[in-house]
Amino acid sequence: MEEVRKKITKPLLDEKRDIDSAFKKYEEMAKSHEDKINAKVCAWHEAEQQKALEASNNNQTSKLSKPIMMDDRIRATQGAVGTVKKVLKWKIVDEKVLPRRCLSPDMKKIDDLVKAGKVPKGVETYEESNLSVR
């Protein structure tokens with residue numbers, strides 16, 4: 001039964017893999033263009049926010065009654081609305097000073113070592129029973 005299933009599904013899976021492979025470069029190009037557009041819109045928005053802040057500061061010094069509002073929404077001419085949000089990001093600049101609680105073991109590497117019979121220090125092996133029903 002399993003052989004029949006594999007005989008039927010293998011050509012389908014191979015074809016799907018080929019289609020995914022053919023579209024991958026176009027997906028990557030589209031993602032790259034989207035990232036560039038997003039970066040330009042965010043840079044423009046940042047500049048507009050800075051202009052509004054400077055204008056607001058000028059208004060406060062000249063005692064004008066109506067302050068300039070800074071909005072995080074961006075409206076397109078055809079009705080679309082985008083929102084710019086500040087997101088806190090991070091990157092590791094010095095691995096040596098990271099606290100131990102921030103380090104994560106690479107489970108795949110450990111699994112590969114254990115399967116190869118090279119159990120790393122700090123790792124203990126044990127057997128577990130698993131039931132597989134078809």
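Readers should treat all values here as calculations from the given coordinates under stated rules, not as data from a laboratory. Note that the structure is predicted; figures quoted are calculated from it, not measured. As a convention, Cβ positions derive from the backbone with ideal geometry for all residues, glycine included, and neighbour counts pool all protein chains shown.
Straight-line reach from Lys16: taking Cα to Cα under 17 Å and skipping same-chain neighbours fewer than 8 places apart, the aspartates and glutamates in range are Glu27. Going from the fewest other Cβ atoms within 10 Å to the most, the residues Tyr126, Tyr26 appear in the order Tyr126, Tyr26.
When only the Cβ of Lys, Arg, Asp and Glu is charged (+1, +1, -1, -1), the dipole of segment 80-121 relative to its Cα centre reaches about 140 debye. For the pair Ile37 and Glu3, a Förster radius of 35 Å applied to the C-beta separation gives a FRET efficiency near 0.10, rounded to the nearest 0.05. Note on Ser129, Ser56: ascending count of other Cβ atoms within 10 Å places them as Ser129, Ser56, the fewest first.
Legend: residue pairs Lys36/Lys91; Lys86/Lys109; Lys31/Lys96, Cα-Cα distance threshold 27 Å; pairs beyond threshold, Lys86/Lys109; Lys31/Lys96.
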